[in-house]
Every structure is written in C-alpha cells, then in structure tokens.
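One structure below.
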Amino acid sequence: MNDYAKAKSNVREVRFDEFSSSGSLIKATEQAHKRNYKDFLIVDVDSHHYESESYNEIFKYIENPVIRRQALESASRGGRSSMLGGSVGYQDIGGRITRHWLRKHEKTEGPQHRDITTTLRWMDAMGVDYACLFPTPMLFLGTHPQVEIEVAMARAYNSWLCETILEHEPRIISMLYLPFNDPEATYQIVKDFGHRKGVKGFMVTAPRYKPVHDNAYMKTYRLLEEMGLPISFHAAYNWNDQSLQLTNRFIGVHALGFMWFNMVHMTNWVVNGLPERFPKLKVMWIESGLTWAYSLMQRLDHSYKMRTSDCPSLKRKPSEYMREMYFSTQPMELPDDPTILEATFKMINAETQLVWSSDYPHWDFDLPGVIYDLPFLNEQSKRNILGANAAKLFNLDPQPVKKIPPLA
Amino acid sequence: MVVFVAKKSEFQNGDRRIVKSARGEIGVFHHEGAFYAYANTCLHSGGPACEGLLMPKVVDIIAQDLTYQGQDFDENEMHFVCPWHGWEYDIKTGQSIGDRRQYLRKYEVVERDGDVFVID
C-alpha cells in the first residue's frame, strides 16, 4: 500500500443511504468495552420496535373476522393502517434523528424475524443482556374511540409477539399490552398470556381516561399479585388531551405529557389505598424520568398530613408506598448539579427500586452510561440499577449473556 | 501530528470526512469555502456528533409589536446535528447550541500542495 492509499484508509465519508444498528452504535460499543459491561448483567426494562412494520403479520392474529378484514384491507394500501389512527407529533426533530429514516436500509438475512435480528444488534452494541420490548404506535391505542379495536389489537399483538419473537429469542422479553379500556378483556389477557414464554408482566399505556382505582380492575390486580407478575404504566402523550392542547411545540407536549398521565395514575393508585389492598403487587412506572416522582412524593405527603380523611386506607405517608414501587430511568434528567439527581435517587430508594431503561430506538434514548458514569454511585449500586434490580423483578439469570462486538 | 484528510480537488464544498487520529475520530467539514474540524464525539452521550445532518439555525419570527409570526431557517448560522439525539453545534465554532458554555474540541485544518490535513 503506498503512502496515499495508507493515509486514505484512515478516512471515511458519511453515508445517508445505508444503515446498520451495530454500525450506528459503534461509539456505544466503545463505551461498553471501556466500562467492562461484559462483567455484569445489564437489563433494559423499556425498549421498542416498530410493530407497524409487521402489521400484515399481526393483523392475521385478529380473532374477530370483521375487524380482521378491516385491518388487513387498511394495511394493504401502503403498509399504514387507517383503522388504528395515529398520533400527532414529530419525534425525529424534523429528520435530525437520522436512524428514524435510515433504518429502512438495514440489511438482515436468514429465517430469523427482522425485529429479533435488529434488536439483538443494538443490544449487543450497547452491552445489554436482556431487553423488555414494547410496541411504538400502540402506545397511543388507549385513546382509540373504539374499545373493541383496542381489545382486538391487544390480543393479536400479544399472540404475534409471543409466537414470533418471545418464543424464539430468550434475550428478548416483554410486559404484554393490556386493553385497559375493557376491564374484562384485560383480566382475560392476564389469564391467557401470563404463563407464556418471555412474558414478565403486563403493561398499561398511560394516556387514557379510565381511572386505575375503578372496581372493575380489582380482580386483575389480584390475579397479577397471585401470579407474581408486575404491572407497569408506560408513559406517552396525547396531544388531543384538553390541557395538553395548550402546548404548541413537541418539546412541551412531550415534557409534560410523559409525566402527566403517570402522575394522575400514581396519585389515584396511592390515595385509593391500592398498595394496602395489593401489598405484594409489583408496580412499575416507565418513561416518565425521575423528577415527577421526587415532586409528587412531596406534594402528596404535604397534603396527606392535613387530609388523611381523603385517603383513610393509607397507614403510611404516600411517599412511603411510592418508594416501594419501581421506576425506569429514561429519559433520565441530568441536572448540572449532580447533587440534585443524588437527592432524587435517595427519594425513590434507587438502590433497589430504580431500573435502567434505554427506550431505544426512540429519539431520546439513554445508554447504560447515564447510570454507570454517575459520580455519586458505587460500583454495586451501578450494577443494581443497570441489571440486578430488574433481574430480581423479572426472575432472570444474573449471568451475562451478551456478545459485545469486538472493535476494529 | 498531521493527519491527511483528502485531496482538495476531491473534497467538494458541502462534503465532509471522518478521519482517525491519535485522540479519536475527527469530523472535517468543507462549508462555504472554508474547512472546519471537530472531535467526532458528542458532548451529550458520546455519539458521532459530526455524522448527522447539516441544518440552519431555526428562528422564531417576532414582529416589531412582539407578536409571533412563525418560524424560519437562518441560513447565516449553519449547525451540524448529532444523529443520536439531535444535539446541534455551530459549524463555525463548535459551540453547543443547547448549552452555549460548551464547545466541541476544535482542530486546525491546513492545506499543503493541494491536500487537506488536520493538526492533532
């Protein structure tokens, strides 16, 4: 190789016509090697795929023939389904998050489902052993005006996910979608799917308008408690919500919306005494960050001391119940002064209750470094939050199984 | 250390290159006739800061009566955007737009005998 060719081999161009999950995360892989993630377990409790890319497969699982026909017909025109509606928003910041529009170029081979291949690629690139996989457009399904559509999609998606993904790849797990607008169907899904391979709990999408303390849900909470499976509330926004309609930029509806519905559900959950009624039920709050919990604990405690008659089922302060729940990290706020974050960790008892999440591939994903690089945590605390806490919650083998790619 | 980037004749206006150097990767931009080079590691979470889109600064149009009249691009201030999360940097200074106290490490670019180099 002559001098020019040698010099040129150290230079590359930036391409916008190709993509690989591994390649786009090489710098995450460098971090994984530098921080020795191979030595310990990392569990991602909140990651995503785009189930809309598999609608043609999923819709075949819809049990009702009329709804199935509607769904397949709507999906046959360009892969989008008008039956399910959509959400207003521009998460990719006008195309600046390039993976959102480049990912269609990712090449996969072999009989393995594309979602398994691409998910394992980003997991290994980041150093993740197990990932809890959730859908994307379905996060907004709780506001669909037709309850029977939510039920039909929930059952179809859960069946498809179990058969196509979870049964084939042990490193991918999930907390299945609950069609919460129909309490009976919600109960039935827990009964039907609670023992399936890779099912580690159930998930309620937060934007919706049925309160969590409705008596209709009590038998489902009891069943989950008996089965030892957690219930989680996954945040999202609803820009059609009357209050959130006052925001005019995505940053506004996102910052508020992803806290708002979980704050409402948490408040109802606690003041109605559900932790006293279901003391062994594990409850997790996903993708609201952490500051909301820090704030709400103080707000509820402050009022509780004057208004115990509003919540007579409680035997302790609201914050004491909240401190026994689980919180996923992302999108983890990183204040300039780390002592503020440290106080938040203390407030929620992060040592045992905080579980790391990436939210990959969404626009505001976090790497394990958001926890691993914190100055106020010791090595054991980092490992608890990054994996050990979730391993206990999900009953996972604590031995690392990831395959971090070597660096060139 | 002098690191070869490209022959100037092959490095057109609007192009960019990523080069390996002793301290890590460097992104080199050819923008409006000038060269700019920065560390290809985002100050946010270590992403490939120089490998995203180039986008002009977005501005709110505020009229003399202080009413809002929409948005526009300011073509006089070009940003490059980290593709991982959207952190934006001023292409002429490397300043982080979201936290203007922070700058990407900047490298000097030199031209010699028709070739472009960065100094690390």
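Looking only at region B:90-103, which residues are of a type outside the set (Val, Ile, Thr) and either in contact with a His (Cβ under 6 Å, 6 or more places away or on another chain) or more than 14 Å from chain A (Cβ to nearest Cβ) (or both)?
Those that are of a type outside the set (Val, Ile, Thr) and either in contact with a His (Cβ under 6 Å, 6 or more places away or on another chain) or more than 14 Å from chain A (Cβ to nearest Cβ) (or both): B:ASP90, B:LYS92, B:GLY94, B:GLN95, B:TYR103.
Which one of these is under 17 Å from A:GLY289 (Cα atoms) and over 19 Å from the mean Cα position of the chain (by Cα): A:LEU407, A:LEU374, A:LEU367, A:LEU386?
A:LEU374
Please go through (1) in contact (Cβ under 8 Å) with a residue 60 or more places away in the chain; (2) within 24 Å of A:TRP101 (Cα to Cα); (3) among the basic types (Lys, Arg) for B:ARG105 and return the number of the only condition it doesn't satisfy.
(2)
Kindly list the number of the only condition in (1) within 14 Å of chain B (Cβ to nearest Cβ); (2) at pLDDT 95 or above that fails for A:ILE62.
Exception for A:ILE62: condition (1).
Can you name every residue in region A:126-145 that is in contact with a Leu (Cβ under 8 Å, 6 or more places away or on another chain), farther than 19 Å from A:GLU51 by Cα and in a loop (DSSP other than H, G, I, E, B)?
A:ASP129
Within region A:23-75, track down each residue that is farther than 30 Å from A:ARG12 by Cβ and either among the β-branched types (Val, Ile, Thr) or touching a Gly at 6+ places or on another chain (Cβ under 9 Å) (or both).
Across region A:23-75, the qualifying residues are A:PHE40, A:LEU41, A:VAL43, A:VAL45, A:SER52, A:TYR55, A:ASN56, A:ILE58, A:ILE62, A:VAL66, A:ILE67.
Can you give me the ranges of the helices (runs of 4 or more DSSP H) entirely in region A:212-310 with at least 2 residues that are farther than 27 Å from A:PHE193 by Cα?
Per the criteria, A:250-271, A:291-304.
Can you tell me which residue in region B:68-120 is farthest from the chain's Cα centre (by Cα), limited to those that are part of a loop (DSSP other than H, G, I, E, B) and on the phi > 0 side of the Ramachandran plot?
Step by step, filter region B:68-120, then rank; the result is B:ASP113.
Output the number of residues of region A:260-286 satisfying the condition of being in contact with a helix residue (DSSP H, G or I) (Cβ under 6 Å, 6 or more places away or on another chain) and of a type outside the set (A, V, I, L, M, F, W, C).
2
All but one of (1) touching a Lys or Arg at 6+ places or on another chain (Cβ under 8 Å); (2) of a type outside the set (A, V, I, L, M, F, W, C); (3) surrounded by fewer than 21 Cβ atoms within 10 Å (Cβ to Cβ); (4) within 18 Å of A:LYS402 (Cβ to Cβ) hold for A:ARG12; state the number of the condition that does not hold.
(4)
Condition first: of a type outside the set (Val, Ile, Thr), in a loop (DSSP other than H, G, I, E, B) and buried (at least 17 other Cβ atoms within 10 Å of the Cβ). Now tell me which residues in region A:312-339 satisfy that.
Once the filter is applied, which keeps residues that are of a type outside the set (Val, Ile, Thr), in a loop (DSSP other than H, G, I, E, B) and buried (at least 17 other Cβ atoms within 10 Å of the Cβ), region A:312-339 yields A:LEU314, A:LYS317, A:ARG323, A:MET325, A:GLN330, A:PRO331, A:MET332.
I'd like the full set of residues that are of a type in the set (A, V, I, L, M, F, W, C) and part of a strand (DSSP E or B), limited to region A:2-13.
The one that is of a type in the set (A, V, I, L, M, F, W, C) and part of a strand (DSSP E or B): A:VAL11.
Going through B:LEU66, B:LEU54 one at a time, which residue ends up being in contact (Cβ under 8 Å) with a residue 12 or more places away in the chain and more than 8 Å from every other protein chain (Cβ to nearest Cβ)?
B:LEU54
Tell me which residues, restricted to region A:282-299, are aromatic (Phe, Trp, Tyr) and surrounded by 24 or more Cβ atoms within 10 Å (Cβ to Cβ).
A:TRP285
Can you find, within region A:65-104, the residue that is surrounded by the most Cβ atoms within 10 Å (Cβ to Cβ) among those that are away from chain B (no Cβ under 14 Å) and basic (Lys, Arg)?
A:ARG68
Under the condition of being among the acidic types (Asp, Glu) and surrounded by fewer than 21 Cβ atoms within 10 Å (Cβ to Cβ), which residue from region A:34-58 is farthest from A:MET138 (Cα to Cα)?
A:ASP39
Select from region B:1-43 the residues that are out of contact with any strand residue (DSSP E or B) (no Cβ under 7 Å at 6 or more places or on another chain), facing chain A (nearest Cβ under 9 Å) and surrounded by fewer than 21 Cβ atoms within 10 Å (Cβ to Cβ) and list them in ascending order.
B:LYS20
For region A:234-253: of the residues being in contact (Cβ under 8 Å) with a residue 40 or more places away in the chain and in contact with a Phe, Trp or Tyr (Cβ under 8 Å, 6 or more places away or on another chain), which is surrounded by the fewest Cβ atoms within 10 Å (Cβ to Cβ)?
Result: A:PHE250.
What is the residue count in region A:340-380 for residues that are in a helix (DSSP H, G or I) and either away from every other protein chain (no Cβ under 14 Å) or more than 24 Å from A:THR29 (Cα to Cα) (or both)?
Counting residues in region A:340-380 that are in a helix (DSSP H, G or I) and either away from every other protein chain (no Cβ under 14 Å) or more than 24 Å from A:THR29 (Cα to Cα) (or both) gives 14.
The values are calculated or read from the model by the stated rules, or taken from the named source; none is laboratory data. What you see is a predicted model; the values in this text were computed from it and never measured. For neighbour counting, all protein chains shown are included, and Cβ atoms are generated from backbone atoms with ideal geometry for every residue, glycine included.
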